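Written out below as C-alpha cells is the structure these notes cover.
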Amino acid sequence: MNYVSVENIAKSFGERILFKDISFGINEGQKVGFVAKNGTGKTSLLNIIAGDEEPDEGQVVYRKNLKVAFLPQEPNLDPSLTVEQTIFAADNETLRIINSYEKALQNPEDAEAYQKAFEQMDAINAWDFETQYKQILFKLKLENLNQKVSQLSGGQKKRLALANILLSKPELLYLDEPTNHLDLEMIEWLEEYFAKENFTLFMVTHDRYFLENVCNEIVELENGKLYSYKGNYAYYLSNKEARIANEEIATDKAKQLYKKELDWMRRQPKARTTKSKSRIDDFYEIKERAHQRRNDHEIQLEINMERLGSKILEIHKVSKSFEDLTLLDKYEYVFKKGERIGIIGKNGTGKSTFLNMITGAIQPDQGKIVIGDTVKFGYYTQAGITIKEGQKVIEVIREFGDYIPLKKGRQISAQQLLERFLFDRKKQYDFVEKLSGGERKRLYLCTVLIQNPNFLILDEPTNDLDIVTLNVLENFLLDFPGCLLVVSHDRYFMDKIVDHLFVFRGNGLIEDFPGNYSDYRSYETSREPAKTKVVIESSAEPKTKNNWKKDTKVALSYHEQKEYNRIERDLKKLELQKKEIELVFAQGTLEGDQINEESQKLQKIINDIEEKEMRWLELSEKMEG
C-alpha cells in the first residue's frame, strides 16, 4: 500500500539548485535510509516530505488519514512541563482513548459508551500505557519524571521527543539523525525496537550499522539525482560500486562517440537539414555524458608528523569525582606509540572528563598526568567551531596552518586538505555562515588536522557528518601514524579505526578490552546473564478509573531493577579490589602495621561482597519467580 508519493519536487536557494524533478514513493512496511553528502539538500528534502517546508516545484501526496510523526534534529517541546507531563500532553491516540474511558466511567448509565470505550482500551492495550512509557523513558535514560524540560540538555530533549513519537505509534515515521545523543546501549535497544514494531520508516542517519540492521532500502541523493537500492547498507555498498563501474564504462563510450560526433560537427555546412538538427541535439547530450566526473577522493597519505619520543602520555593513580559521582578511581595507564584506542560507556560515566583531564582543561583530584615533551595534541571537541562574521572557509583553516607535511618533501596544502574533505575550490570561498551544520563540523575537523598533531583526540567526531565524509575521515585516520584516542557511538567507525577499547563502566571503573566494538559486544553477549524481564499480568475484568494505572504487576519494581544493576557493577569493582590486595600480599613486601591495615581492608571487602551477593540472590529469585 502506497503511503506517500513525491512528485517532481525541486528546491533551490538563489542560483544554487539542490535538486529538481525528484520523484519516489514510500510504501507500507518500507524502512528507508536516506543517504547524501552534507549541504546537498538532505535535510531540505526530509523537511519537504514531512510537510515542514514547501518545494519550489512539484508536490507530496499522502494517503488519506495516514498517521505520521516527525523527529527533527531540534525538537520543539514546552519548557514549562515536566518529563511525564510532556508524555501526557502529546497528541497521542492512546491518551485520547484513556480520556474517553475515564469520561465513560463518570457516566455509568450510558452502558453503550462504556462498552465502546472499554473495547478501545482493550484493542490497543491501553491498560499498560504507564508501564510502556516508563519502560521507554528508562531505556532512554530519562529516569527523573518530575524534571522540567527547561532543565534538560539538548540530548535529553531529543530523547524525550523520540519517546513521545514511539509511544504515539505512527504508521509512518520520519527521523532526522535519530542516533545522535544516544549512547551505544540506547542505539542497540532502538534497533531491536524498530525490528519488532510495525513502523514504516524514512530516516536520515550516518550510523551505518543502524542502516544495516534496520533498513530494507537505501535511497541516495547524488548530484541532484535519486538512486534507490532495495536492500540494507551492505547491499547498497556493493551495488553502488557496480553502478559507478557501469557509469564509468558508459562515460568512456560517450567520450569515444563524442570525438566522432565532434569531427562530424566540424565538417557540417552552415545550412543544416532537420535530420542534422536532431543529430546536433544528440551531440550536446553526448557531450554532457562524456564530461561527467566523479568527486570521490581516495586518501593514501604518508604523513610526516613530528616524531613522538619514548615518553608519550602517562596516567598515574588519577582520581576524579563530582560530589557523589566517582568518574575515575586511582586509574593508571601508559600510552605506547601508534596506539589507536576507542572509548565507550554510558552517558555520564566520565568519557569527556577523561579527555579534558588529558588535555589540561580539568585537573584531577588526585594523581598526576605526565605528557611527553614531543607530544602535540589535536583535540576535536563536541563544541565545534566558533564562527566569525564575514570569514570565508579558506581563511578559517589558514588561521591554523598552511599545509600538512608529507614524506619525501611533499605536502598537502590547506586548499588540498579542504578538497579532500569535499570542499571544492568554489566552496572554499563561501562565507562560513552559509555552511550547513555538517559542513561546519567538516571544516572544524580540517582545522584540527592542518595543525599536524601527533596525538589526535576526537570526541564524537562522527556527529552530523554524512557517510561520504565519514569514509574520507576513516581513510585519513587509517593513514595517520600517531596516537589516536576517540570517543564515538558510531560502531562502524570504531570497528574500522581502533585496536582496543577503554570501557567506562561507571563508579570509577575503566576496563581495557583487547579488540574493536563488535568483538566487545560478542564477548559481553557470551558472558552476560539473562536480561531482567518485566512481567505484566493483565486481567480480563473491566478496569475502573481508580485502578487502571495500578493493577499491573512487575517482577522487579523500577527501583529494584536499578538496585539489581548497581549491585552487579559494585560486585565487579569489589572483586577487582580484592584481587589487588591479594596480589600485594602475594608479593610479600608488606610489614607490621601495613599487614594489619591491608588485612582489615580485605576483610571489609569480603564482607561487602557477601552482603551484596545475598541481596543480588534475593532480587534474582524474585525476578525469576
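Derivation of every value follows stated rules applied to the coordinates shown; laboratory data play no part. Since the model is a prediction, treat every value here as computed from it, not as a measurement. Glycine gets a Cβ as well: all are built from the backbone with ideal geometry, and neighbour counts include every protein chain shown.
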Compactness index (Cα Rg / 2.2 N^0.38 Å), the range 340-466: 1.18
Global form of the range 402-476, assessed from the alpha-carbon gyration tensor, a/c cut-off 1.5: oblate
Any idea which of Leu422, Leu501, His489 is furthest toward the positive side of the dipole for the range 362-514, if Lys and Arg beta-carbons carry +1 and Asp and Glu beta-carbons -1? Leu422
Hypothetical label at Glu15: residues of the range 403-444 whose amide nitrogen lies under 16 Å (7 Å Cα-Cβ projection): 425-431
Name the residues of the range 75-115 whose amide N is less than 11 Å from a point 7 angstrom out from the Cα of Asp122 along the C-beta direction? 115
Between Glu28 and Thr386, take the C-beta separation as r, use R0 = 41 Å, and let me know the FRET efficiency to the nearest 0.05. 0.35
Determine which residues of the range 448-487 fall in the zone a paramagnetic label at Ser153 would reach in this model, i.e. backbone nitrogen under 17 Å from the point 7 Å along Cα→Cβ. 458-464, 487
Fully extended, how many nm does the chain gain between Arg243 and His500 (0.36 nm per residue separation, minus their Cα-Cα distance)? 89.0 nm
Of Lys169/Lys240; Lys31/Lys496; Lys20/Lys64; Lys116/Lys169, pairs whose Cα-Cα distance is over 29 Å: Lys169/Lys240
State whether the range 1-40 is rounded, prolate or oblate according to the following rule on the C-alpha gyration tensor (a ≥ b ≥ c being the square roots of its eigenvalues): a/c under 1.5 gives rounded; otherwise a/b larger than b/c gives prolate, and the remaining case gives oblate. oblate
Grab the other residues whose beta carbon is less than 9 angstrom from that of Ser319, score K and R as +1, D and E as -1, and report the net. +1
Between Ile369 and Arg615, what FRET efficiency comes out of the Förster formula 1/(1 + (r/R0)^6) with R0 = 35 Å and r the beta carbon distance, rounded to 0.05? 0.40
Shape of the range 6-111 from its Cα gyration tensor (a ≥ b ≥ c, root eigenvalues): rounded if a/c is under 1.5, otherwise prolate when a/b > b/c, or oblate? prolate
With r as the distance between the Cβ atoms of Asn304 and Arg425 and R0 = 22 Å, compute the FRET efficiency 1/(1 + (r/R0)^6) and round to 0.05. 0.30
